[in-house]
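Inspection log for the structure reproduced underneath, given as structure tokens.
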């Protein structure tokens with residue numbers, strides 16, 4: 001492989017690495033923000049109401065998971081050669 005091609009690939013890898021690092025930093029900030037919002041909401045609504053909300057969300061997730069499994073079962077399997 002030519003040296004110029006290797007240098008070009010190295011620059012691209014550095015750019016991708018920097019983009020990944022930036023994305024991870026933003027993801028971490030988003031996680032901290034989300035945790036803060038959830039904590040604020042939990043304090044605002046109180047313990048009893050928060051537990052009701054959590055149970056409702058669990059039920060919604062369970063129902064959505066069951067319907068998704070049902071969809072996956074009902075889909076025909078494609079044949080591959």
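Summary table below
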item: Test: residue in the range 60-78 that is surrounded by 10 or more Cβ atoms within 10 Å (Cβ to Cβ), in contact with a helix residue (DSSP H, G or I) (Cβ under 6 Å, 6 or more places away or on another chain) and at pLDDT 90 or above; result: no
item: Lone unmet requirement of (1) at pLDDT 90 or above; (2) in a loop (DSSP other than H, G, I, E, B) for residue 16; result: (2)
item: Neighbours by Cβ (under 8 Å, 6+ apart or cross-chain): first from the range 50-74, within 20 Å of residue 40 (Cβ to Cβ); second in a helix (DSSP H, G or I) and at pLDDT 90 or above; result: 50/41; 50/42; 53/45
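The values are calculated or read from the model by the stated rules, or taken from the named source; none is laboratory data. Note that the structure is predicted; figures quoted are calculated from it, not measured. Every residue, glycine as well, gets a Cβ built from its backbone with ideal geometry; the counts of neighbours run over all protein chains shown.
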